[in-house]
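Have a look at the structure below, then the notes.
The values are calculated or read from the model by the stated rules, or taken from the named source; none is laboratory data. The structure presented is a predicted model; accordingly, all values stated were derived computationally and were not measured. Note that each Cβ is placed from the backbone with ideal geometry, even for glycine, and that neighbours are counted across all protein chains shown.
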There are 2 protein chains.
Amino acid sequence: MISPNMSNVYFDNNSTTALDERVLDAMLPFMTMQQGNATSRHVYGRTVRDAVEQAREQVANAVGAYPSQVVFTASGTEANNFAISGIAGNLPNSQIVVSSIEHPCVTRPTFAMQKLGYKTKIVGVDSNGLLDLVHLESILKNQDANPTSLVSVMSVNNETGVIQNISKIAEIVKSYKAYMHTDAVQSLGKIPVDFAGLNVSAMTISSHKIYGPQGAGALIVDKRIDIAPLLHGGGQEKGLRSGTENVAAIVGFGVACDLSVSELTRRFSATNALRDHLEKGLVQMGAVMFGNKAARITNTSFFAFPNIEGETLVMALDRKGFAVASGSACSSDSREPSHVLLAMGISPDVARGAIRVSFGANQKHTNTIEQVDQFLVTLKQELQRLKQMTGVQFDTSANNTKAA
Amino acid sequence: MISPNMSNVYFDNNSTTALDERVLDAMLPFMTMQQGNATSRHVYGRTVRDAVEQAREQVANAVGAYPSQVVFTASGTEANNFAISGIAGNLPNSQIVVSSIEHPCVTRPTFAMQKLGYKTKIVGVDSNGLLDLVHLESILKNQDANPTSLVSVMSVNNETGVIQNISKIAEIVKSYKAYMHTDAVQSLGKIPVDFAGLNVSAMTISSHKIYGPQGAGALIVDKRIDIAPLLHGGGQEKGLRSGTENVAAIVGFGVACDLSVSELTRRFSATNALRDHLEKGLVQMGAVMFGNKAARITNTSFFAFPNIEGETLVMALDRKGFAVASGSACSSDSREPSHVLLAMGISPDVARGAIRVSFGANQKHTNTIEQVDQFLVTLKQELQRLKQMTGVQFDTSANNTKAA
């Protein structure tokens, strides 16, 4: 098996992050000692129950919510599915509205509701990736047989890093008596997140995007909403999410949330410096930048080079030891151009060239300026090589005037 | 915070088990090194993808299935919900049949399907906790407007440890053109589990019941079934279960599955000796035994003492350092008598006294004969004390002739 080695450079932190050492330290007691089921009434059960409740406070504190508003899930995907099916599920025959740049774990559960009689609508974005508020209002105004029950718009896009004005969107949505959900998976740990201030009805967050373990996420829910569970069973999480609590992961998530606040400024500055350095070099090399006219999180750069396929460049850079993404990690198996870029009006040809660099500022695995410099040198070499290869193909294939 | 100490004894392994050290060792590299998202195409992604696929083989091997039949979930609860909603979901207006002794994570998602137009029926069990096959056939024969699409019967009951004849039940179910699902969460690691041999359409297993980590489970599925996903999104698990893979947990689950086969005989013998020793003592003390006339897994004893409330005894034993359960761990918050015992025809008064001891034979945390001896001594003392307390209450409350 070929594994990454010390010289490999990881620039794909919007996909997943390395576990922070302090998070692991907090988790290990729950993985080495005999532990109980958090539902059990004996001392083993009570001990892990206390740990879960402490984590719930940590999570709540990090996002400006009350502990009672935190429903633990196993992932951001589960929290998004829970939000869509749980909120709209109690309002039959209504309409669910999502933006054109949502992650598939928002869009697909929404489309799945069509089978149950729900209508769905998609709100567009402008060329910067910002929600088209006029379009949103025109959809909400049109209250026909299927009034809008729920609108879901992500706080920060995973590909471009563009930040939406969620409190403004929520204000519009609420004025039409609909519920507002936001997928805040990419904002937590990168910008301040304030559930109360955003004025949304529900918000999704995830542990493994903030140097916490995989296997934990949460839906933060305004409990005045009548939300139906997605997972039925033993009645954990006050009946809203059944299943034995993944205690170690939840404990780790709690600590990762603490760190997402205490380290926010450091992470922000560190990744901002890296991105500025990177983008200066990229622009000099003729890169097309995406979303950079809008407010963005500081760790993300999304760009393309004309006539170079993103997927090809990702593989070339991987062979040289740099891990970057070609659009959303979760759809990396797909060869379709990024739906986010298409929604922004980028042509499919340009969108197919998209490359995402997302920096990490983990205590132990922080990316460095030296890595960015090495990356820029390698990128230049690889671009030249790929352009030459294209040239060679032209020479040997007389009838073919278009690059592969 | 009061935590368990070295002198505490854990007899609640059907609720959750301690992580095997060898499992943790396999997980740690995925928690200490920079890792990728299993969907990513770079070396970090491919490395964890390989690890997930190796675990899939380990899980498949342990349960007599093909790797392609393994769909990873975050828990047994999720796998059971997925089975019920996923299989019946593609067969609208059909009937779902479950046994009267299922875990709530089978029964409740089944009842939740009623809102979508499904009918549900419950098959009873006999006084030993074995499925009433005549009742099952009478339900299946009655093919009215809602033909039965799915029958779910657990392989081993979590409270009594009683083993069902699943291949026989599956044969009946399939003869009526219905699909058969079994929750095998309590059988894996305690008796041989053979998906192909059981002849079921789908089977649920869970990691944390077999000395693996919390946060991993699987639905083993005959892929000829048209099953709908419960979690929609990035299309992981061939579109059947979206969400970033919890790599460390899946890797641990794989190793735990390996051990569930290689250590089966040792665990079987070790827990069998403990249980025989325990039950000899219990019978001498006048315990009522539940399910002991049927074939049972070897680690579980379910019993009651007349006029002693189970919940009270659990708390008394906990204070003396012994962790046992009063019925299903997942409904320990409930004061209702065990639905399993009521289904077996046990009177509510007797059922309220139920206590479950479930032994573990983990490499490092194996229960011992000495612990059983200590437990029997303590149990005797606590029973005497509780009976005396009851007596005192009688004396001080002249009008009250019934124990509290």
I'd like the full set of residues that are in contact with a Ser or Thr (Cβ under 6 Å, 6 or more places away or on another chain) and part of a loop (DSSP other than H, G, I, E, B), limited to the range A:5-53.
A:13, A:14, A:15, A:37, A:39, A:40, A:41
Are any of the residues in the range A:94-106 under 30 Å from residue B:367 (Cα atoms), crowded, with 24+ Cβ neighbours inside 10 Å, more than 8 Å from chain B (Cβ to nearest Cβ) and of a type in the set (Val, Ile, Thr)?
no
Yes/no for residue A:123 being under 27 Å from residue A:208 (Cβ atoms) and β-branched (Val, Ile, Thr):
no
Matching residues, the range B:369-386, being surrounded by 14 or more Cβ atoms within 10 Å (Cβ to Cβ) and not acidic (Asp, Glu)
B:371, B:372, B:374, B:375, B:376, B:378, B:379, B:383, B:386
In the range B:25-83, what residues are without any contact (Cβ under 8 Å) to a residue 24 or more places away in the chain and under 15 Å from residue A:15 (Cβ atoms)?
B:34, B:36, B:40, B:41, B:42, B:43, B:44, B:45, B:46, B:47, B:49
Given the conditions (1) more than 10 Å from chain A (Cβ to nearest Cβ); (2) touching a helix residue (DSSP H, G or I) at 6+ places or on another chain (Cβ under 6 Å), every one holds for residue B:69 apart from (2)
Residue B:66 - would you say it is closer than 21 Å to residue B:203 by Cβ and either in the same structural domain as residue B:170 (by TED's automatic domain parsing) or small (Gly, Ala, Ser) (or both)?
yes
The range A:114-134 residues that are among the polar types (S, T, N, Q) and at pLDDT 95 or above, paired with ones that are surrounded by fewer than 20 Cβ atoms within 10 Å (Cβ to Cβ) and assigned to a strand (DSSP E or B) (beta carbon under 9 Å, 6 or more apart):
A:114/A:120
So which residues in the range A:375-391 are in contact with a Phe, Trp or Tyr (Cβ under 8 Å, 6 or more places away or on another chain) and not hydrophobic (A, V, I, L, M, F, W, C)?
A:378
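Within the range B:118-129, can one find any residue that is over 17 Å from residue A:228 (Cα atoms), touching a Pro at 6+ places or on another chain (Cβ under 9 Å) and either within 14 Å of another protein chain (Cβ to nearest Cβ) or not aliphatic (A, V, I, L, M) (or both)?
At the first step, the residues of the range B:118-129 found to be over 17 Å from residue A:228 (Cα atoms) are B:118-129.
If we keep only those that are touching a Pro at 6+ places or on another chain (Cβ under 9 Å) as well, we get B:118.
When the remaining residues are screened for being either within 14 Å of another protein chain (Cβ to nearest Cβ) or not aliphatic (A, V, I, L, M) (or both), the result is B:118.
Looking through the range B:118-129, at least one residue is over 17 Å from residue A:228 (Cα atoms), touching a Pro at 6+ places or on another chain (Cβ under 9 Å) and either within 14 Å of another protein chain (Cβ to nearest Cβ) or not aliphatic (A, V, I, L, M) (or both).
Could you check how many residues of the range B:290-302 are of a type outside the set (A, V, I, L, M) and surrounded by fewer than 23 Cβ atoms within 10 Å (Cβ to Cβ)?
So the first thing to find is which residues in the range B:290-302 are of a type outside the set (A, V, I, L, M), and the list is B:290-293, B:296, B:298-302.
Pick out the ones that are also surrounded by fewer than 23 Cβ atoms within 10 Å (Cβ to Cβ) and you get B:292-293, B:298.
Final tally of qualifying residues: 3.
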Which numbered condition trips up residue B:315, out of (1) free of Cβ contacts under 8 Å to residues at least 12 places away in the same chain; (2) over 30 Å from residue B:19 (Cβ atoms); (3) not charged (D, E, K, R)?
(2)
